[in-house]
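Structure, as C-alpha cells:
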Amino acid sequence: MKSIKFFILGILICSNGAFAQLKAVTYKDDTQVLNGFAIQAVKKSANKPGILILPAWHGIDKASKDIAVELSKLGYNAFIADIYGEGNYPKDNAEAGKNSSYYKTNYTIYQHRIQLALDELIKSGANPDNIVAIGYCFGGTGVLEAARGHLKVQGVVSFHGGLAKDASRPTEPITAKVLACHGADDPYVSTAEVAAFQQEMRDTKADWQMIYYADAVHGFTNPEYGNDNSKGAAYNEKAAKRSFEHLKVFLNEVLKK
C-alpha cells in the first residue's frame, strides 16, 4: 500500500514540474511601474541558462508568452520584458509606432529598460553568466542594442528586427554572438540597412550570422498577422519553424545546459 502511495505522489510531483507557469512580475524604473513575466525551466539545470525575451512593438503579447513557455520546456528560465511600462501600452498601430520609435531614437533609455528586465531574469533564477536575449520586430532591434550597449549576455537573436544604427554613433567591438533571422522579402528593412548592418558586424569584429527566409516578410513568426504578404507583415509557417530550429542550434552552441 505504501509503495502505491509513493508512486502516486511521484506522478503528482512530476506532473506539477512538467507544466511551468508564467508568473507576473512587477518591477520599476524609478517611479515607472513595469509588468513583466517570468517562467522557470521545466527541467532544472545546475547551469541555470536564461533567455530574456523582448516583445514586438505592441508590447507583451500572446506570441512572446508562447515562446517563453516553449523555451521553459527546453530547459531555459525565461523573462519577458516590459519596455513601455504601465500607462504607456499602445492601443493601436499608430501608438505602437510612436512608442517604439521613441526607444529606437533614445537607444540608451531602451538599453536601460532592457538591463532592468535582465536583472529580473537573474532574480528569477537565471545564471548571470549564461544568458541570451531574443527579440521580435521592435524587440529584435532591442537585442541588437543590448549587444551594442555591452549588456552582459552571451548572445542575441533578432527575429525580423530593425537592423539600423545611426551612422553618427561610435562603432565599438561587440562581444555577444549575434544571429539575425530575416525575411528575404521584408519591405520595412531596406537593402541599404541590411548592408550597413553587415558592415557594422564586420567592423565590430562580431561573431555573427544572418539567415534569410524565402517568401517571408516582416513578422513572419507571428500567426496573428495572417498570411497576406502584400500587407508587409505576415506569418510564414515554414520560416517560423525553420527560425525556431536555428534559435535552438544557437542556444545549444552559446549557452551551457
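The values are calculated or read from the model by the stated rules, or taken from the named source; none is laboratory data. Computed from a predicted structure; not experimentally measured. With ideal geometry, Cβ positions are generated from the backbone for all residues, glycine too; neighbour counts draw on all protein chains shown. Side chains included, ligands, DNA and RNA excluded: accessible areas come from the protein's heavy atoms. Shrake-Rupley method; radii C 1.70, N 1.55, O 1.52, S 1.80 Å.
Going 7 Å from the Cα of Asp66 in the Cα-to-Cβ direction, what parts of region 203-231 have a backbone nitrogen less than 13 Å from that spot?
So the set is 220-227.
About its Cα centre, how strong a charge dipole does the chain have in debye, to the nearest 20, once Lys and Arg get +1 and Asp and Glu get -1 at the Cβ?
Details: 29 positive and 27 negative charges, 248 e Å.
Here the chain has a charge dipole of around 1200 debye.
Among the aspartates and glutamates, which have Cα under 14 Å from the Cα of Lys152 when same-chain residues fewer than 8 positions away are ignored?
Excluding near neighbours in sequence, the set is Asp119, Glu120, Asp129.
Does the chain classify as rounded, prolate or oblate by the C-alpha gyration tensor (a ≥ b ≥ c root eigenvalues; a/c under 1.5 gives rounded; else a/b over b/c gives prolate, otherwise oblate)? Let's see the in-between values first.
Numbers: a/c = 1.63, a/b = 1.56, b/c = 1.04.
It is prolate, given that a/c is not under 1.5 and a/b is the larger ratio.
Which of the pairs Lys104/Lys238; Lys65/Lys177; Lys165/Lys205; Lys43/Lys104 have their Cα atoms more than 27 Å apart in this structure?
Cα-Cα > 27 Å for Lys104/Lys238; Lys43/Lys104; rest within.
Can you list residues from other chains, or at least 5 along the same chain, whose modelled amide H is less than 5 Å from the amide H of Asp129?
For Asp129, no residues qualify.
Name the residue, out of Phe37, Phe244, Phe159, whose mean-square fluctuation peaks in a Gaussian network model built on the chain with Cα pairs under 10 Å.
Phe244
When the accessible area of the chain is split by element with a 1.4 Å probe, what percent falls to carbon and sulfur?
That fraction is 55 percent.
Let me make sure I get this right: for region 76-162, a, b and c are the square roots of the gyration tensor eigenvalues over alpha carbons, sorted descending. Under 1.5 in a/c it's rounded, otherwise prolate if a/b > b/c, else oblate. Which is it?
Taking the square roots of the gyration eigenvalues as a ≥ b ≥ c, region 76-162 is prolate.
Give the calculated FRET efficiency between Lys205 and Gln21 to the nearest 0.05, with a Förster radius of 45 Å applied to their Cβ-Cβ distance. Working shown, then result.
On the way: r = 41 Å, r/R0 = 0.92.
The formula returns an efficiency of 0.65 here.
Roughly what would the spin-label model give for Ala184 and Ala196, points 7 Å off Cα along C-beta, in nm?
My value for the distance between the label points is 2.5 nm.
Under 19 Å Cα to Cα from Lys123, which aspartates and glutamates show up? Leave out anything in the same chain fewer than 8 places away.
Asp29, Asp30, Asp82
Can you say what percent of the DSSP beta bridges in the chain, counting only those with both residues inside, are antiparallel? Round to 5.
Here the antiparallel bridges make up roughly 30 percent for the chain.
Which of Leu22, Pro90, Ala167 sits farthest toward the positive end of the charge dipole of the chain, with +1 on the Cβ of Lys and Arg and -1 on the Cβ of Asp and Glu?
In the chain, that residue is Leu22.
What's the extension gain from Lys241 to Ala167 if we count 0.36 nm per residue and subtract their Cα-Cα distance?
Result: 23.3 nm gained on full extension.
Evaluate the Debye formula for region 155-246 with equal point scatterers sitting on the alpha carbons, no solvent, and hand back log10 of I(q)/I(0) at q = 0.15, 0.19 Å⁻¹, in q order, two decimals.
-0.57, -0.85
Taking θ as phi - 60°, what are the ³J(HN,Hα) couplings along region 157-162 by the Karplus curve (6.51, -1.76, 1.60), each to the nearest whole Hz, with x for Gly and Pro?
Working through the residues one at a time gives 10, 9, 9, 6, x, x Hz.
Out of residues 5 or more away from Phe37 or on other chains, whose amide H comes under 5 Å of its own, with H placed 1.01 Å from N in the peptide plane?
Sorted by chain and number, the residues that satisfy this are Val25, Ile80.
Enumerate the calculated ³J(HN,Hα) couplings along region 228-233 in order (Karplus 6.51 cos²θ - 1.76 cosθ + 1.60, θ = phi - 60°), each rounded to whole Hz, writing x wherever the residue is Gly or Pro.
Once θ is set to phi - 60°, the couplings for region 228-233 become 9, 4, 5, 7, x, 10 Hz.
How much accessible area per residue does the chain have, in Å², with a 1.4 Å probe?
Values: 12860 Å² over 257 residues.
Ligands and nucleic acids excluded, the result is 50 Å² per residue.
Can you run phi through the Karplus equation (6.51, -1.76, 1.60; θ = phi - 60°) for region 123-132 and list ³J(HN,Hα) in whole Hz, with x for Gly and Pro?
Computed from phi, the couplings for region 123-132 are 4, 7, x, 6, 6, x, 9, 9, 10, 10 Hz.
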